[in-house]
1. Here is a list of conditions, (1) within 11 Å of ligand 2 (Cβ to nearest atom); (2) under 17 Å from residue 54 (Cβ atoms), and residue 190 meets all of them except one; can you say which number that is?
2. Looking only at the stretch 153-167, filter to residues that are under 17 Å from the mean Cα position of the chain (by Cα) and open to solvent by 40 Å² or more (accessible area, probe 1.4 Å); which one of those is farthest from residue 130 (Cα to Cα)?
3. So how many residues does the stretch 185-214 have that are within 20 Å of residue 237 (Cβ to Cβ) and either of a type in the set (D, E, K, R) or in a helix (DSSP H, G or I) (or both)?
4. For residue 28, work out the one condition from (1) in contact (Cβ under 8 Å) with a residue 60 or more places away in the chain; (2) away from ligand 2 (no atom under 16 Å from the Cβ) it doesn't fulfil.
5. Do you know which of the residues in the stretch 245-260 that are closer than 25 Å to residue 295 by Cβ and surrounded by 13 or more Cβ atoms within 10 Å (Cβ to Cβ) is nearest to the chain's Cα centre (by Cα)?
6. Look at residue 309 and say whether it is within 20 Å of the chain's Cα centre (by Cα) and not acidic (Asp, Glu).
7. Determine whether residue 182 is surrounded by fewer than 17 Cβ atoms within 10 Å (Cβ to Cβ) and in a strand (DSSP E or B).
8. Among the candidates 263, 316, which residue alone is modelled with pLDDT of 95 or more and assigned to a strand (DSSP E or B)?
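The values are calculated or read from the model by the stated rules, or taken from the named source; none is laboratory data. Since the structure is predicted, the reported quantities are computational estimates derived from the model, not experimental observations. As a convention, Cβ positions derive from the backbone with ideal geometry for all residues, glycine included, and neighbour counts pool all protein chains shown. Side chains are part of the model used for accessible areas, which takes the heavy atoms of the whole protein and leaves out ligands, DNA and RNA. Shrake-Rupley method; radii C 1.70, N 1.55, O 1.52, S 1.80 Å.
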Amino acid sequence: MIESNVDLQPLNTLAIDACAAHFARVETLEDLREALHFARAGKLPILPLGGGSNIVLTGNFPGLVIHLDMRGLELEEVAGGTRVSAAAGENWHGLVMHTVERGLGGLENLALIPGRIGAAPIQNIGAYGVELRDSFYDLQAVHIPTGELHEFTAVDCQFGYRDSVFKGRARDQYIITRVRLHLSEEWSAHTEYPALKHYLDEHHEGAGPLTPVEIAHAVTAIRNSKLPDPAQIPNAGSFFKNPVVGDEDYHRLKAAFPDLVAFPFEGRWKLAAGWLIDQAGWRGYRRDSVGVHDRQALVLVNPGRGSGAEVTGLAFDIATDIRDKFGVELEPEPRYYP
Ligand code: FAD
Ligand code: NAP
């Protein structure tokens with residue numbers, strides 16, 4: 001069941017050429033426990049892998065990559081809505097379409113986000129003003145040190161903006177095996193993001209109220225027009241988190257850059273990192289194998305299938321330039337391994 005020296009290039013959306021010293025594809029809880037036993041016996045570091053769309057491989061991984069491939073998707077009517085139960089290896093976008101095509105609302109703004117269910121809680125995936133936590137019910141995860149199965153409620157997960165307990169206190173402690181969502185029958189559309197609003201104004205003919213599937217199709221069309229498809233142009237989506245700053249920084253920047261794109265956020269200000277990078281002149285930039293996408297400066301691309309060092313080198317130079325020009329710190333969103 002455990003393979004050695006496995007090529008990870010097809011398994012990360014940046015298409016970085018790197019190897020796993022050991023690799024296990026797990027389809028059941030039993031497989032997972034055996035893989036963990038192998039890692040424990042060899043004192044190996046572990047990399048739980050889903051779709052590989054939010055990682056940067058900076059070199060070969062010296063431990064055990066555990067590719068979560070458990071399948072299973074169930075829908076159940078419960079009081080007030082529908083309970084969705086999905087195994088970690090199910091494709092996220094597939095789940096979204098499965099629900100909206102049955103008239104169920106809640107996930108439509110999250111259409112076309114790459115990756116698998118098991119990774120969705122890690123950064124509380126979000127897009128167009130909706131986050132996983134808005135529909136989250138609970139999850140099941142295996143505790144890596146003991147192999148025990150634990151349950152996490154939404155409160156336990158400590159969801160924040162592109163954040164959860166699995167990036168904080170519980171980092172590297174759990175492998176998520178199943179996620180349950182609650183899709184409320186009291187659904188309302190969230191179409192306030194300008195790109196979505198604009199698209200729907202142009203394309204929705206006013207024939208009755210908007211449905212979840214129509215919104216999912218709109219989100220899909222907008223994303224296809226703006227974001228590079230990793231299968232064509234390797235990338236990991238937004239490379240940096242949107243920085244959140246206080247009033248003082250916001251007013252300093254707004255005075256110097258009146259067009260600054262910023263949004264009130266939990267008593268502070270969320271700056272559009274893509275706008276900062278674009279203003280600094282990086283959009284469309286190319287260097288050897290890597291570059292910055294020409295339609296969205298927040299996305300670093302790897303069309304030449306360059307190394308992790310090339311990708312992180314470019315990210316470092318961009319972050320340094322943004323610090324120099326705006327006095328703002330950019331933090332990468334994907335996790336670097338090893
Ligand atoms: P991976 O990249 O495989 O893993 C990501 C992290 O989670 C790693 O640290 C990994 O070890 C850990 N992990 C994975 N599975 C498990 C598990 N079962 N248990 C424990 N840990 C696990 N993100 C958004 O939030 N919103 C977006 O709109 C969005 N758009 C994107 C668009 C593009 C084109 C791309 C390439 C990425 C985008 N992303 C977006 C980022 C990414 O798709 C999400 O973060 C997604 O949830 C990652 O899923 P994955 O299965 O590929 O995770
Ligand atoms: P966009 O719609 O051009 O918006 C640019 C930025 O402004 C985004 O960062 C967004 O913040 C913010 N924003 C826009 N309207 C807002 C509003 N009404 N209230 C609060 N904030 C607002 O962004 P985009 O790049 O095309 O992406 C569209 C959506 O998909 C965004 O939500 C983005 O986060 C998500 N996305 C994420 C990734 C990823 O890898 N994480 C990749 C692609 C797209 P938020 O980012 O906080 O939403």
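1. (2)
2. Filtering first and then ranking leaves 167.
3. 4
4. Residue 28 satisfies every listed condition except (1).
5. Applying the filter and picking the extreme gives 260.
6. no
7. On the way: surrounded by fewer than 17 Cβ atoms within 10 Å (Cβ to Cβ): no; in a strand (DSSP E or B): yes.
So residue 182 fails the test.
8. Exactly one residue qualifies, and that residue is 263.
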